[in-house]
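Presented below is the structure to which this report refers.
Any read-out appearing in this document is the output of simple, stated calculations on the displayed coordinates, not a laboratory observation. It should be emphasised that the depicted structure is a prediction, and the values quoted were computed from it without experimental measurement. Cβ placement follows ideal geometry from the backbone for every residue including glycine, while neighbour counts extend to all protein chains displayed.
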Amino acid sequence: MHTPTLFRDRSRTFQVIVGGVVPLLFGAVVGIVVGVTSGGYWALAALAALGGVLAGLEHRDGWGGADRGLVGGALFGLGVVVAHAIAGTHAKVSLGSFPPFVIVIDAIVGMLLGALGGRLARSLRRRPGVALHSTPDSG
């Protein structure tokens with residue numbers, strides 16, 4: 001069975017792009033879509049949630065996944081709020097009475113999803129026959 005390379009073992013450029021730029025830009029797309037269609041918003045939000053769990057798989061355990069999920073979720077939420085404000089459209093899904101709070105909510109949800117992915121990765125790595133793609137002390 002193949003396990004992903006740990007996030008910490010990847011290049012700094014990869015970490016910045018995948019861990020920072022991608023969630024921010026995807027959040028910006030969602031921020032535009034929230035003013036167009038509620039169905040599109042929820043579909044993209046579900047895809048983002050799946051991405052949060054998958055990102056957690058690149059970590060040694062739930063704690064590492066939670067850390068990345070917290071940052072990724074906050075950047076995603078920031079992208080949603082800023083892009084929606086710039087678009088100036090009426091949200092088809094409620095962003096609450098104080099839209100910047102979406103950033104906090106998305107950070108918490110991202111943390112939980114990343115932790116889930118990290119926990120799943122830890123369980124998979126403990127199964128017999130699963131090869132680790134990380135340094136010897138990461139197990």
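Run a plain Debye calculation on region 13-130 (Cα atoms as equal point scatterers, no solvent) and give log10 I(q)/I(0) at q = 0.13, 0.15, 0.17, 0.23 Å⁻¹, rounded to two decimals, same order as the q list.
Log-scaled intensity ratios, in q order: -0.48, -0.62, -0.75, -1.17.
Would you calculate the separation in nanometres between label points at residue 46 and residue 21, each defined as 7 Å from the Cα along the Cα-to-beta-carbon direction?
3.0 nm
For a quick protection proxy, order the peptides 57-66, 117-126 by their average other-Cβ count within 10 Å, most packed first. Write out the running numbers ahead of the final one.
Working: 57-66: 21.9, 117-126: 18.5.
The most tightly packed comes first, giving 57-66, 117-126.
Using +1 at the Cβ of each Lys and Arg and -1 at the Cβ of each Asp and Glu in region 13-130, identify which of 99, 64, 82 lies farthest towards the dipole's positive end.
Value: 64.
Over the chain, what is the relative contact order in whole percent, taking alpha-carbon pairs under 8 Å and six or more residues apart? Don't skip to the end; give the middle numbers.
Working: 257 pairs, mean separation 50.0, N = 139.
The value is 36 percent.
Based on DSSP H assignment, which helices of the chain show an axial Cα extent of at least 30 Å together with a mean Kyte-Doolittle hydropathy greater than or equal to 1.0?
Working: long enough: 62-87 (36 Å, 1.12); 101-126 (38 Å, 1.20).
Counting only whole DSSP H runs, the qualifying helices are 62-87, 101-126.
If each of residue 87 and residue 38 carries a label point 7 Å out from its Cα toward its Cβ, how far apart are those two points in nm?
Placing both labels 7 Å beyond Cα along the Cβ direction yields 1.5 nm.
State, to one decimal in nm, how far the label point of residue 14 lies from the label point of residue 101, with both points 7 Å from Cα in the Cβ direction.
It is 3.9 nm.
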